[in-house]
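Read the figures in this text as sums done on the coordinates, not as results from a lab. This one's a predicted model, so the numbers in the text were calculated from it and none came from an experiment. Here the Cβ positions follow ideal geometry from the backbone for every residue, glycine too, while neighbour counts run over all protein chains shown.
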Amino acid sequence: MLTDELLLAWWRLARLPGLGNVSLAEIRQRLGDPSRLLNASLQQLTACGIRPDAAQQWLDNPHPDAGFKRLQQWRQQPGCGALLAGFDPYPQALLATRDAPTILYYRGGIDALESPAVAMVGSRNPTPYAAEWAKNCSRELAQQGITIVSGLALGIDGAAHSGAVESGRTIAVLGCGADVIYPRRHARLFDAILASGGLILSEFPPGTAAQAKHFPSRNRIVSGLSLGVVVVEAAIKSGSLITARQAAEQGREVFALPGAVNNPLSRGCHHLIKDGAVLVECANDILQELGLPEPGFEPASSQSQIQSDLFAAPGRQNSQKSQHSQSSNRVAVNALISHIDFSATSIDVIAIRSQLPVHELMPQLLELELQGWLQQVPGGYCRLR
């Protein structure tokens, strides 16, 4: 259980000089259990890579500051709270990324994190064609139990959220505090997301104003929460392409909607397609590529357990009741190969298709690679025969 004492310990650690998200993730890994931070000695802290002076500073000042007191007040509000990396219900897909935020602040339906998610991003000034496509596609995906993730920006973000709230749930990841509506034009949409059971999420403490430098950081969370990222109209130099690049680095599938060749906003998508992104025309294209159930198949409620199992760390899985032993989960070589494409297939996609946890899947992929069945490539694995 996440206590104020444990949250305070990581809050204070995250504010030590020289420690960023990557360093904090490495510290969590070395500790094994985030709770061990509470009783860590100076020697243990320095063994985790913390400078001795910073570690001593952390040990000498165990009291909450004004910022943490505001966090406590935030957690007392209905529907508001904070997530600590390594503690449920922190999203496992995001936790698996290299620079996952140590603390996430939320408002709304936290169970929106349990369903498989697809991100949708794109231009802030889209054509009517792109905006309508984004809204319709998001609505159809949400109908199948897919949570739509985006950034609440004007344009494609807003269209994606709007479509999702009509038939399901959506997560808005902000570049400001979870209590700050930005842009103000989306105040009604903000309320609609919450009213439909959706979630407002941010790595920035409540009250933090929107700043330009926050948005590239926000984008990695959008992709990190998702199995794949759909880019709908984007210029060559745009934040959407940055998100697509981050998605590829995280092993996520990248989708792109083609457009008119004379439309500058289509060039980013066409560039992605040339680089290997999946050309997408409809929601079913996305479902098929990710190996997710199409209309008329498996209900969305069972998908939340699949996602939780796939991204769970080995230690966490051992502590949970499992319906099947590792031996019953093991997939025969020919069956596992069938889940891998002749183009780059991300680990997440292979895990979803095979329904194997990542920590069980990796040794089998290595064995198949040694046998010459597949090759590791940027973005995942590629089938050779």
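Summary of computed values
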quantity	calculated
Dipole of the chain, positive direction: furthest Cα of 359, 264, 91, with charges on the beta-carbon	264
Mean Cβ neighbour count within 10 Å, used as a protection proxy, ranking 139-145, 17-23 highest first	139-145, 17-23
Most fluctuating residue given options 241, 24, 16, as computed from a GNM of the chain linking Cα atoms under 10 Å	16
Full-stretch length increase - residue 88, residue 274 - with 0.36 nm per residue and alpha-carbon distance subtracted	63.1 nm
Cα-centred dipole magnitude for the stretch 1-64, charges only on beta-carbon of K, R (+1) and D, E (-1), debye, nearest 20	140 debye
Protection proxy ranking of 286-292, 155-161, 265-271 - average other beta-carbon atoms within 10 Å, highest first	155-161, 265-271, 286-292
Inter-part distance where the stretch 104-119 and the stretch 203-268 are each reduced to a Cα centre, Å	18 Å
Most mobile of 53, 111, 179 in a GNM of the chain (Cα contacts under 10 Å)	53
Reciprocal of mean inverse Cα separation for the chain (Kirkwood radius, Å)	21.6 Å
Stretchable slack from residue 57 to residue 73, in nm (0.36 nm times residue separation minus alpha-carbon distance)	3.2 nm
Protection-proxy order for peptides 222-229, 346-353, each taking the mean of Cβ atoms within 10 Å per residue, highest first	222-229, 346-353
Computed [θ] at 222 nm, helices only, for the chain once each DSSP H run of length n ≥ 4 contributes -39500 (n - 2.57)	-12500 deg cm²/dmol
Theoretical FRET efficiency, 1/(1+(r/R0)^6), r = Cβ-Cβ of residue 132 and residue 30, R0 41 Å, to 0.05	0.25
Distance between modelled label sites at residue 285 and residue 41, nm, 7 Å Cα→Cβ extension	6.0 nm
Cα-projected label distance for residue 184 with residue 211, points at 7 Å along beta-carbon direction, nm	2.1 nm
